[in-house]
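Comments concern the structure below.
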Amino acid sequence: MGQDIKLRVSNIEKSFPGVKALDRIDFAVRKGTVHALCGENGAGKSTLMKIINGIYKPDGGEIYIDEVPVKIQNPIQARGHKIAMIAQELNYVPEMSIEENVFLGRLPTNKFGKVDWRKLRKETIKFLEMEELSYSPSQKMKTLTVSDIQMLEIIKAISNNAEIIVMDEPTSAITQKEVDKLFKKIAELKAQGVSIVYISHKMDEVFKIADDITILRDGTVVDSMPASELDVDKVISLMVGRKMESIYPKESVETGETLLEVKNLFSTGVYKDINFNVKKGEIIGFAGLVGAGRTEVMRSLFGLDPITSGDIFIKGQKIDIRKVSDSIHNNMVMLSEDRRRYGIIPIRSVMENASISSLEKVIHHGYAHAREERTIVQEYFDKMNVKTPGLDTKIQSLSGGNQQKVLLAKWMLRDPEILILDEPTRGIDVGAKFEIYKLMTEMAKEGKSVIMVSSELPELIGMCDRIYVMNQGHITGELSQEDFSQEAIMQYATSVAASASVSTLPAQHTQIKEKRI
Amino acid sequence: MNLNILKNKQAKNKFMETFSIFIVLLVMIIICSILNDKFLSSNNITNIMKQLAVGTILAYGEMLLIICGMLDLSAGAVLALSGVMSVSVFKATNNLLLAVVVSVIIAVICNLANAIMVTKFKAPAFIATLAMMTVARGIALLYTKGQNILQIGKYNVFGQGKIGGVVPVSIIFMVVITIAIWYILKHTTFGRSLYAIGGNEEAAIASGINVVRNKYIVFIINGVLVGIAGVLFMSRVNAGLPNGAVGYEMEGLTAAVVGGTSFTGGVGTTLGTLAGAFIIGCLNNIMNLIGIDSYIQQIVKGAIIAFAVIWDIRSKSKKTSKVILVDEDPETKGTFARKAS
């Protein structure tokens with residue numbers, strides 16, 4: 001681990017028509033180190049990484065690899081310079097085999113151009129064994145869990161002998177155990193002299209693995225120094241440009257009567273014996289590993305997945321939930337974990353995305369009142385602090401955090417009594433996270449109930465009044481505030497349930513669907 | 001860069017996105033009127049519209065289906081089936097209203113079958129309506145034993161009649177349907193739901209939209225439109241043709257797509273589709289007026305469709321990327337943050 005600079009960018013500038021996205025960026029990664037890049041969404045991190053990976057062309061400035069100036073015009077050239085990028089949204093072809101995915105775009109061929117399947121298999125097996133992944137190379141990619149797919153992306157990078165690996169939010173969809181595995185891998189790579197640029201919103205991770213930290217804000221480098229000279233609060237205040245009062249704006253609220261009660265909820269092969277309740281003014285959390293069945297329970301409550309048996313009571317009244325509208329009409333709404341898949345309608349405007357579930361508010365006697373709609377939506381956008389150039393902007397062009405706020409505004413428009421949030425802060429910046437926490441607190445203060453599913457334990461501990469822990473389709477523990485600790489939660493999350501009859505749950509939702517068919 | 005400039009830019013983009021197709025149409029009309037001085041005569045304009053009526057009505061059905069991520073390949077065949085049935089009912093009863101009702105009901109039944117295949121059995125609309133296309137054509141031929149139904153008498157009033165001796169009946173149908181479709185798409189919950197379903201079906205479900213019901217409704221509306229088109233078509237050709245209207249679904253699809261309806265779903269407007277239909281109508285008309293060989297006409301038409309679509313995609317993708325950049329603009333972010341704090 002020397003002081004040799006592996007990758008250096010100097011004076012990088014990038015303007016888009018009328019807009020300066022990056023302003024004289026200087027940034028250097030030492031050989032065999034992990035360099036964390038921190039900044040709010042929109043600070044320019046991804047633009048910078050896209051330039052390094054040849055997706056964007058910089059307007060000015062230089063890129064040096066081993067102190068030799070290089071030109072990177074496209075991703076293929078980046079690959080030639082031994083740069084690999086592991087994107088936040090993993091790119092893979094679900095219907096193709098593991099081996100084809102690992103060597104996608106560079107399948108080994110013989111001199112006639114025929115794919116050399118034997119070589120392909122041999123190479124893939126070598127890598128799979130190296131990473132101790134027990135899959136067959138011919139297995140379809142879609143049968144893998146998210147974290148294993150991520151591991152494969154890393155394998156892909158290694159198989160290409162990458163010397164610089166950019167990882168964009170690599171832990172946003174994997175469990176703690178898998179994070180540990182990833183970090184072990186990163187340590188190995190470091191030892192081999194690979195330089196890693198690590199982008200993450202998770203400060204604890206950054207401080208665990210980073211040797212150096214560079215902080216970006218509004219397209220400029222605010223600071224760049226060894227991690228040992230920084231702490232979490234300092235990084236956050238540098239990122240945001242102001243001091244955060246507190247990360248979790250939790251206020252204690254007098255709780256009232258039970259609003260939602262779930263009894264013996266059961267879904268064949270998915271979850272079993274689910275019993276829990278939420279009181280007015282209460283924020284409850286659901287902890288557990290990915291695949292523990294938390295999302296599936298919430299999806300059933302919201303009418304997206306079928307329930308085999310069990311009862312749901314709202315305000316003591318038994319209700320029947322078969323479809324989403326049943327849930328909505330009982331004032332229960334859910335923000336889905338997968339914003340792209342179940343949340344946004346990408347090509348439509350932010351206004352339409354916000355009003356789609358409350359059209360009866362703006363359509364009277366079969367006629368849509370556009371002005372009224374604008375006023376109502378704008379009012380909620382102001383409340384939620386949504387940053388958008390206009391109401392007609394397509395939602396796909398907003399940052400993740402703002403998309404999430406638009407989706408929250410959509411449900412707030414209905415004035416719900418029970419708000420279910422499934423991984424509400426995944427992949428969004430510190431500022432937007434804070435807005436969401438604030439909203440949860442507001443809801444509780446108004447005597448409403450919030451259910452939060454999260455894989456980030458500090459967030460659950462910081463925001464919840466009670467936490468239920470799930471494992472393998474069962475609720476294995478319930479913790480009240482005084483018993484909160486990461487250790488206690490993890491213990492329940494990994495303990496084997498006494499009546500573990502719901503066998504190994506597949507980690508991915510698609511698999512569950514397939515099983516039902 | 002301040003917020004106002006950004007807002008103006010967005011407003012300009014939105015204007016262009018909405019009206020670019022009309023500018024194309026306008027340019028085309030100007031060129032056509034220069035090429036031939038008869039083009040703008042009221043006679044010729046009426047003629048164009050009369051020829052357009054059936055295609056435009058079918059185009060609206062296709063547009064609604066494409067917006068919510070489907071399409072209808074059976075429109076031409078179902079049109080023929082409901083048309084010949086309608087003609088024979090008229091010949092038996094001499095009742096015009098009944099003839100229209102029969103045509104609409106038959107087309108709606110065919111489209112309900114489409115809807116069931118798509119929603120209940122999860123068949124892709126392409127396959128389901130492809131099957132319906134073959135079946136409906138077969139029934140039409142079976143019913144008529146492959147013979148054209150001639151001497152249809154007063155039935156031709158729909159396609160050839162004029163109200164007050166001036167305004168053709170078919171144009172009135174087209175205008176009324178245009179207004180109705182515009183209203184449905186723009187001002188009803190159903191219309192707004194269609195965009196959401198086509199834009200992201202899973203998100204639409206998670207937003208509480210009843211996707212299955214909306215798909216039934218859209219097929220029923222398509223059925224009504226195809227049924228009316230069947231009456232207008234048979235009436236215009238003055239016969240019940242079981243082999244008629246072959247490929248008319250393509251005319252409808254073309255008008256919708258040229259008019260900016262996106263095959264990826266979630267995008268499309270009534271007026272855009274109307275403009276798309278007019279662009280194709282004008283093109284056909286001017287090529288006939290200046291006497292271009294009909295084989296060459298086909299080639300030109302195809303090329304212009306390809307050009308129109310590529311132009312549309314390019315101009316739209318440019319606009320989208322611009323907005324993304326606006327979002328990344330650190331200064332705007334600052335402006336908003338300041339405004340908020």
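The values are calculated or read from the model by the stated rules, or taken from the named source; none is laboratory data. Keep in mind that what you see is a predicted model, and the values were worked out from it rather than measured. Here the Cβ positions follow ideal geometry from the backbone for every residue, glycine too, while neighbour counts run over all protein chains shown. Ligands, DNA and RNA are excluded from the accessible area calculation, which covers all protein heavy atoms including side chains. Shrake-Rupley method; radii C 1.70, N 1.55, O 1.52, S 1.80 Å.
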> A:G366: closer than 29 Å to A:K433 by Cα, within 11 Å of chain B (Cβ to nearest Cβ), modelled with pLDDT under 90 and surrounded by fewer than 22 Cβ atoms within 10 Å (Cβ to Cβ), yes or no?
Replying inline: no
> Just a yes or no: is a residue in region B:169-179 open to solvent by 20 Å² or more (accessible area, probe 1.4 Å), within 14 Å of chain A (Cβ to nearest Cβ) and modelled with pLDDT of 95 or more?
Replying inline: yes
> What is the one condition in (1) open to solvent by 50 Å² or more (accessible area, probe 1.4 Å); (2) modelled with pLDDT under 85; (3) at the interface with chain A (Cβ under 9 Å from one of its Cβ atoms) that B:K333 does not satisfy?
Replying inline: (1)
> Do you know which residues across region B:74-112 are open to solvent by less than 10 Å² (accessible area, probe 1.4 Å) and not in a helix (DSSP H, G or I)?
Replying inline: B:S74
> A:I63 is checked against (1) more than 14 Å from chain B (Cβ to nearest Cβ); (2) surrounded by fewer than 21 Cβ atoms within 10 Å (Cβ to Cβ); (3) over 25 Å from the mean Cα position of the chain (by Cα) and fails just one. What number does that condition carry?
Replying inline: (2)
> Any residue in region A:6-25 that is more than 30 Å from A:K122 (Cα to Cα), touching a Pro at 6+ places or on another chain (Cβ under 6 Å) and more than 14 Å from chain B (Cβ to nearest Cβ)?
Replying inline: yes
> Of all residues in region A:326-340, how many are closer than 12 Å to A:R299 by Cβ and of a type outside the set (A, V, I, L, M, F, W, C)?
Replying inline: 4
> Is it the case that some residue within region A:416-426 is surrounded by fewer than 20 Cβ atoms within 10 Å (Cβ to Cβ), more than 30 Å from A:E372 (Cβ to Cβ) and not acidic (D, E)?
Replying inline: yes
> Taking region A:30-58 as the region of interest, how many residues are within 20 Å of A:M203 (Cβ to Cβ), in contact with a Lys or Arg (Cβ under 7 Å, 6 or more places away or on another chain) and at pLDDT 85 or above?
Replying inline: 3
>> Suppose we keep only residues that are outside any helix (DSSP H, G or I) and farther than 20 Å from A:L182 by Cβ within region A:119-153. Which one would you say is most open to solvent (accessible area, probe 1.4 Å)?
In response: A:K140
> Any residue at all in region A:396-407 that is in a loop (DSSP other than H, G, I, E, B), within 25 Å of B:Y183 (Cβ to Cβ) and touching a residue at least 12 places away in the same chain (Cβ under 8 Å)?
Replying inline: no
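This table checks each residue for (1) open to solvent by less than 20 Å² (accessible area, probe 1.4 Å); (2) within 12 Å of the chain's Cα centre (by Cα); (3) modelled with pLDDT under 90.
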{"position": "B:C282", "(1), (2), (3)": "yes, no, no"}
{"position": "B:D293", "(1), (2), (3)": "no, no, no"}
{"position": "B:A303", "(1), (2), (3)": "no, no, yes"}
{"position": "B:K316", "(1), (2), (3)": "no, no, yes"}
{"position": "B:E328", "(1), (2), (3)": "no, no, yes"}
{"position": "B:A337", "(1), (2), (3)": "no, no, yes"}
>> Please go through region B:255-280 and give me each residue that is surrounded by fewer than 23 Cβ atoms within 10 Å (Cβ to Cβ), of a type in the set (S, T, Y) and away from chain A (no Cβ under 14 Å), ordered by number.
In response: none
>> I'd like to know if region A:188-205 contains one or more residues that are under 27 Å from A:S454 (Cα atoms), in contact with a Lys or Arg (Cβ under 6 Å, 6 or more places away or on another chain) and of a type in the set (A, V, I, L, M, F, W, C).
In response: yes
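The rows are residues; the columns are (1) more than 14 Å from every other protein chain (Cβ to nearest Cβ); (2) under 20 Å from A:A370 (Cα atoms); (3) in a loop (DSSP other than H, G, I, E, B); (4) touching a helix residue (DSSP H, G or I) at 6+ places or on another chain (Cβ under 8 Å).
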site: B:L185; (1), (2), (3), (4): no, yes, no, yes
site: B:A203; (1), (2), (3), (4): no, no, no, yes
site: B:G208; (1), (2), (3), (4): no, no, yes, yes
site: B:R213; (1), (2), (3), (4): no, no, no, no
site: B:I220; (1), (2), (3), (4): yes, no, no, yes
site: B:G230; (1), (2), (3), (4): yes, no, no, yes
site: B:S235; (1), (2), (3), (4): yes, no, no, yes
> Which one is farthest from the other protein chains (Cβ to nearest Cβ), of the residues in region A:305-324 that are closer than 18 Å to A:S449 by Cα and open to solvent by less than 90 Å² (accessible area, probe 1.4 Å)?
Replying inline: A:G316
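The rows are residues; the columns are (1) farther than 30 Å from A:V278 by Cα; (2) in contact with a helix residue (DSSP H, G or I) (Cβ under 8 Å, 6 or more places away or on another chain); (3) open to solvent by less than 20 Å² (accessible area, probe 1.4 Å).
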{"residue": "A:I347", "(1), (2), (3)": "yes, yes, no"}
{"residue": "A:L359", "(1), (2), (3)": "no, yes, yes"}
{"residue": "A:T375", "(1), (2), (3)": "yes, no, no"}
{"residue": "A:L407", "(1), (2), (3)": "no, yes, yes"}
>> Considering only residues that are among the aliphatic types (A, V, I, L, M) and either within 14 Å of B:S193 (Cα to Cα) or surrounded by fewer than 24 Cβ atoms within 10 Å (Cβ to Cβ) (or both), which ones fall in region A:325-345?
In response: A:I328, A:I344, A:I345
> Taking interchain pairs and intrachain pairs at least six residues apart, which have beta carbon atoms under 6 angstrom, with the first residue in region A:338-362 and more than 7 Å from every other protein chain (Cβ to nearest Cβ) and under 12 Å from A:Y380 (Cβ atoms) and the second open to solvent by less than 10 Å² (accessible area, probe 1.4 Å) and at pLDDT below 90?
Replying inline: A:V350/A:T393
> Do we find a residue being open to solvent by 20 Å² or more (accessible area, probe 1.4 Å) and at pLDDT below 90 anywhere in region A:438-451?
Replying inline: no
